[in-house]
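Working notes, structure below.
Quick note: the coordinates plus some simple rules give every number you see, no bench work behind them. What you see is a predicted model; the values in this text were computed from it and never measured. Because the Cβ atoms are built from the backbone with ideal geometry, glycine has one as well, and the counts that use them run over all protein chains shown.
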Amino acid sequence: MDVLMINTVPRVGRKGEIKKVAEGFARNFLFPRNFAIPATEGAKKHLNLMKTSWEKQALREKQAFQDMAGKIEGLTLKLTRKAGDKGRLFGSVTSAELAEEIGKLAHVDIDKKLVVADHIKETGEHDVTIRFTGDIKARFKVVITAEEKQD
């Protein structure tokens, strides 16, 4: 069965392609999740209109990502955490925490999946990257200091 992909599905097809798939796969997986539609003559004609719409949407998203990257690029985020004597944190700073803190500082809403950083487990200065798309990235520094011990 021929289907017109309206969303990218890994190992199946990209948005805008016409693919031949098993009928059951199309009926039970692709159609209910709005990943594809049947490749009828009307849908094929409508494809050009959909492609221009997708291009405009991609351009708007890219511009929004560039604006967010501009706000984040070069910022320094300072965090205080409990740490041991050798600078090892009790726990770690996760990408979710970084996304939340950068959102507060730069007033942008960042998904934690865009933050490219391992769990930070030591005090000091760390470089973190946010990857919006393949070519749009923003880098910032995270400075982690140990909490003062109270006796």
Q) How many angstrom separate the Cα center of region 66-94 from the Cα center of region 117-144? A) 8
Q: Go through Pro38, Leu49, Asn28 and say which Cα lies farthest out towards the positive end of the charge dipole of region 2-64; charges sit on Cβ, +1 for Lys and Arg, -1 for Asp and Glu.
A: Leu49
Q: Among Leu77, Leu114, Leu49, rank each residue by its count of other Cβ atoms within 10 Å, from fewest to most, as a rough exposure measure.
A: Leu49, Leu114, Leu77
Q.
With n ≥ 4 as the cut-off for DSSP H runs, can you work out [θ] at 222 nm for the chain, using -39500 (n - 2.57) per run divided by the number of residues, rounded to the nearest 500?
A. -10000 deg cm²/dmol
**Q.** Inter-site label distance for Asp2 and Glu100 at 7 Å from Cα along Cβ, in nm
**A.** 5.1
Q | Cα long-axis angle, helix 41-72 against the chain (0 to 90 degrees, to the nearest 10) | A | 10
(Q) For a bin width of 5 Å, list the pair-distance distribution of the chain built from all Cα-Cα distances, rounded to whole %. (A) 2, 8, 14, 13, 10, 10, 10, 9, 8, 6, 4, 3, 1, 1, 0, 0
Q. So, counting K/R as plus one and D/E as minus one, what does the shell of residues with Cβ under 11 Å around Leu47 add up to?
A. +2
Q) Based on Cα positions only, what radius of gyration and what Dmax would you give for region 70-146, in angstroms? A) 12.3, 40
Q) What do the square roots of 5 times the Cα gyration tensor eigenvalues come to for region 2-64, in whole Å, largest first, as semi-axes of the equivalent ellipsoid? A) 22, 14, 8
(Q) Can you tell me, using C-alpha contacts under 8 Å and at least 6 residues apart, the relative contact order of region 70-146 as a whole percent? (A) 41
(Q) What is the angle, in °, between the Cα long axis of helix 95-106 and the longest principal axis of the Cα atoms in the chain? Nearest 10 is fine, range 0 to 90. (A) 80
